[in-house]
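Below: one structure, written as structure tokens.
The values are calculated or read from the model by the stated rules, or taken from the named source; none is laboratory data. Model, not experiment: these values are computed from the prediction. Cβ coordinates were reconstructed from backbone atoms using ideal geometry, including for glycine residues, and neighbour counts include every protein chain displayed. Keep in mind that these areas ignore ligands, DNA and RNA; they rest on the heavy atoms of the full protein, side chains included. Shrake-Rupley method; radii C 1.70, N 1.55, O 1.52, S 1.80 Å.
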Amino acid sequence: MTALPITLPEAETQQRTTGAHWVVRTLEELGVHRIFGYPGGAIMPVYDALVGSKLEHILVRHEQAASFAADAQARLSGKAGVCLATSGPGATNLLTGIANAYMDSVPMVVLTGQVPTGLMGTDAFQEVDVFGMSLPVVKHSIIVREPEEIPARIREAFAIAESGRPGPVLVDLPKDTLQAEVGQPYPPQSLPAAKPSPASSSEIDAATALLACAKRPVFYMGGGIGLGGAVEAARDFMARTGIPAVSTLKAMGCAHPDAKNYLGMLGMHGTRAANMAVQDSDLLICCGARFDDRATGKPDSFAPDARIIHMDLDAAEIGKLRNVDAGIAGDLADALARLDPGYLDIDPWRQVCSQRKTEFAFRYDDAPGSGIFAPALLKQLSEAAGDDFIAACDVGQHQMWVAQHCRFSRPEHHLTSAGLGAMGYGLPAGIGAAMERPDAQVITVTGDGSIMMNIQELATARRYSVPVKILLLDNSSLGLVRQWQEYFFDQNFSEIDLYDNPDFAEVARSFGVEAFTIHSRAEVPAAIDRLLSATGPILAHCLIDPRENVWPLVPPGKSNADMMED
Amino acid sequence: MSHTLNIRIADREGALVRLIGLVERRGYEICAMDKSAGDAGIADITMQIAPRGGERRIDVLMRQVARLFDVHAIRQGMPAHIAAGTARPGGFQCRHPQ
Ligand SMILES: Cc1ncc(C[n+]2csc(CCOP(=O)(O)OP(=O)(O)O)c2C)c(N)n1
């Protein structure tokens, strides 16, 4: 980080080595190049040590954004993202991002300042028990009470965050630990983390036997495939076996969008072809997915006739929500490669599935009027941007439209708050992604509700000239909630009307971010051009019809067989 | 139906509360519990637990406990000193044994 050009009185040159210096040194040693944070009292020693370090510190404007940006960076790099905040309110502001990383198994190391150890437990100024508050949403957490332990504990945090099933690890750093002088030489680096262990042969054999006699198998892909480096193995498995495949929201991009026998997303807003295949299947090969209720609908009517093979790196997932006929715990790439049933006599089944895929494909040509039809806009945008574009979504109808109508070549290119469903993710995640992949087209797709949850981050985008493109689909309402009120609450519309939104283009410009507004379908092609050719940051504000809904839809509590259509 | 779990943990800050929190959050009531700290920062925990509300799979809970970093080992069953009713001081009994 470079110091801001503020002239200070000749400071005494820092000769002491403190715990805070070791925090910075350990991060450097571990190959961290960028951290997202916000300073404050208890963490100030670390900010002091950052000056002159090799780390690039990104000053966000709300700690939640630091956690989301670090999350996006981690999803793209596969390495733990790092965020940093002070004690008390700084730490509590990080909690949503920690929970988000936990729900989506994202490797993250969260560094929080804490009041000095002597004051811990006394309700000191800006003391909150962030260790206690975050317990349910961390993979692990550590309070470091001895400055000499800092390198070992931070290395441990990275190893835990990145190994096995990834997740967030919190390191709480009391101020006295950070300020104390360390009385030892810096300890040598520890050994690299162990590789995930392979599944046992008996598990693979049991699954292979089930596969060999299946007539209507479906390959159910989850986020674990991308996280476990098993994308190639999954594609190879699909190509080798020709088993019809579906994916969860998090696994979009595991299959190539044009892959044969690939039926798209399953679940609440999944494709008809995917849901019908799963419902009719006699064998479900669940790979790195966890039978989440948004994917399964009513659990006891989900794939009612199917036997289950459940493969997961995390043994604790197997059998959690659905009893399995064969469980495979271990490295997914390895397990998929070893799962080889030979020739499968399932041609009639493949045909049924692909016929439905054609019959129920999304249509874009029947939207009435001349207004902007968001699904078509997203399809055009995705095609213009190319299959390697990266989307950072917020939460709502627009998020589901992205999953339905955009093409992804890799799962990590679809950044979405899947497990937590946290509005406010999109803009900071887009910033984190565009910093990590400055040469990629990174597009934040957001709604008029969601963008207001972290709109202050336009300042961050501007400050660092982040090449993020923001597509704001403005329906003047909390669209997804409105849709549910329309269909499941007797059109009793309650607190979803955002008629008095600010002029978003004006807002963006006041942050120094280029922006424009479009209203009609005819303006879409030029808008896409402008968005994609800008060096960014840029915001395209698109006014869409507030009555537009996401289809198809499985009503809450219903079976995936009961999909509603417009 | 209640179960008895034997869990060996690293006896460090937060390990016990993390363990108890997980068991409670995953839908179990802790009916009785005993902790005995041994040597070298290791402690043995015995818990008698029962699912709250609907039935849950104990093997899933055991794998969720096992993946905690502070947990060294877990098994089902009751160690001798508890079975004999001579739980060491430090244990507690809750008021609603199942
Ligand atoms: C932090 C947070 N608060 C509330 C919700 C509940 N919620 C889900 S979607 C939604 C509406 C989102 O509105 P908008 O961002 O405008 O997107 P749209 O559905 O209109 O596309 C709300 C309120 C949530 N997911 N996250």
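So which of A:LYS320/A:LYS558; A:LYS79/A:LYS175; A:LYS215/A:LYS357; A:LYS260/A:LYS469; A:LYS298/A:LYS320 end up more than 22 Å apart by C-alpha?
Result: A:LYS79/A:LYS175; A:LYS260/A:LYS469 exceed 22 Å.
Whole-Hz Karplus ³J(HN,Hα) for segment A:199-206, in order, using 6.51 cos²θ - 1.76 cosθ + 1.60 and θ = phi - 60°, x for Gly and Pro?
Values per residue, Gly and Pro as x: 5, 6, 5, 5, 5, 4, 4, 4 Hz.
Taking Cα pairs under 8 Å and at least six residues apart, what relative contact order does chain A come out at, in percent?
It rounds to 13 percent for chain A.
Once you order the gyration tensor axes a ≥ b ≥ c over the Cα atoms, which shape class does segment A:201-359 get: rounded for a/c under 1.5, otherwise prolate or oblate by comparing a/b with b/c?
Rounded is the answer for segment A:201-359, as its axis ratio a/c remains below 1.5.
Please list A:SER533, A:SER53 from largest to smallest accessible area, probe radius 1.4 Å, with all protein chains kept in place.
Output order, biggest surface exposure first: A:SER533, A:SER53.
Let me make sure I get this right: for the protein assembly as shown, a, b and c are the square roots of the gyration tensor eigenvalues over alpha carbons, sorted descending. Under 1.5 in a/c it's rounded, otherwise prolate if a/b > b/c, else oblate. Which is it?
In terms of gyration-tensor shape, oblate.
Rounded to whole Å, give me the distance from the Cα center of segment A:432-497 to that of segment A:99-163.
Each part's Cα centre sits 30 Å from the other's.
Only bridges with both residues in the protein assembly as shown count here: give the DSSP antiparallel percent, nearest 5.
30
Using R₀ = 56 Å, calculate the FRET efficiency as 1/(1 + (r/R₀)^6) where r is the Cβ-Cβ separation of A:ASP129 and A:ARG410; round to 0.05.
In this case the efficiency is close to 0.90.
Can you tell me the FRET efficiency between B:ILE58 and A:ARG240 if r is taken as the Cβ-Cβ distance and R0 is 25 Å, rounded to the nearest 0.05?
Using R0 = 25 Å, I get an efficiency of 0.10.
Can you give me the distance in nm between label points at A:ARG521 and A:GLN179, each placed 7 Å from the Cα along the Cα-to-Cβ direction?
Taking the simple label geometry, A:ARG521 and A:GLN179 are separated by 6.6 nm.
Counting only other chains, and only Cβ atoms inside 10 Å, what mean value do you get across the residues of A:135-142?
4
With θ set to phi - 60° and the Karplus curve 6.51 cos²θ - 1.76 cosθ + 1.60, what are the ³J(HN,Hα) couplings of segment A:349-363 in order, to the nearest whole Hz, using x for Gly and Pro?
Ordered by residue, 3J(HN,Hα) equals 5, 4, 5, 3, 5, 6, 4, 5, 4, 5, 4, 9, 4, 4, 10 Hz.
Could you tell me which residue out of A:ALA273, A:ALA335, A:HIS310 lies farthest along the dipole of segment A:201-359 toward its positive end? Charges go on the beta carbon: Lys and Arg +1, Asp and Glu -1, centred on the Cα centre.
It is A:ALA273.
Can you give me the solvent accessible area of A:ARG462 with a 1.4 Å probe, rounded to the nearest 10 Å²?
Solvent-accessible area, nearest 10 Å²: 130 Å².
Under the rule a/c < 1.5 gives rounded, and otherwise a/b versus b/c splits prolate from oblate, where does segment A:17-179 land using the Cα gyration tensor?
rounded
Rounded to the nearest 20 debye, what is the charge dipole size of the protein assembly as shown about its Cα centre when +1 sits on each Lys and Arg Cβ and -1 on each Asp and Glu Cβ?
The calculation lands at about 1100 debye.
Can you list the HN-Hα couplings for segment A:24-39, worked out from phi with the Karplus curve (6.51, -1.76, 1.60; θ = phi - 60°), rounded to whole Hz and with x for Gly and Pro?
With the stated coefficients, segment A:24-39 comes to 5, 4, 5, 4, 4, 4, 7, x, 5, 10, 9, 10, 10, x, 7, x Hz.
Can you figure out the FRET efficiency of A:ASP325 with A:ARG16, using R₀ = 56 Å and their beta-carbon distance, to the nearest 0.05?
For A:ASP325 and A:ARG16, the calculated efficiency is 0.35.
Which value, in debye to the nearest 20, gives the size of the charge dipole of segment A:93-230 about its Cα centre, when Lys and Arg are +1 and Asp and Glu are -1 at the Cβ?
So the magnitude is around 760 debye.
Taking Cα centroids, how far is segment A:190-261 from segment B:29-77 in Å?
Each part reduced to its Cα centre gives a spacing of 32 Å.
Can you compute the modelled spin-label distance between B:ARG75 and B:ALA37, with each label point 7 Å from Cα toward Cβ, in nm?
2.5
Given H placed 1.01 Å from N in the peptide plane, which residues other than close sequence neighbours of A:ALA199 have an amide H under 5 Å from its amide H?
Residues meeting the criterion, in which the H sits 1.01 Å from N, are A:ASP331, A:ALA335.
Given H placed 1.01 Å from N in the peptide plane, which residues other than close sequence neighbours of A:ILE143 have an amide H under 5 Å from its amide H?
Under 5 Å from the amide H of A:ILE143 lie the amide H atoms of A:ASP172, each far enough along the sequence or on another chain.
When the helices in the protein assembly as shown are scored as -39500 (n - 2.57) per DSSP H run of 4 or longer and the sum is shared across all residues, what 222 nm value do you end up with, to the nearest 500 deg cm²/dmol?
-9500 deg cm²/dmol
Evaluate peptide B:22-30: per residue, the Cβ atoms of other protein chains within 10 Å of its Cβ; return the mean as an integer.
Counting other chains' Cβ atoms within 10 Å and averaging over B:22-30 gives 1.
Subtracting the Cα-Cα distance from 0.36 nm times the residue separation, let me have the gained length for A:GLU486 to A:GLU56 in nm, one decimal.
Full extension from A:GLU486 to A:GLU56 adds 150.1 nm.
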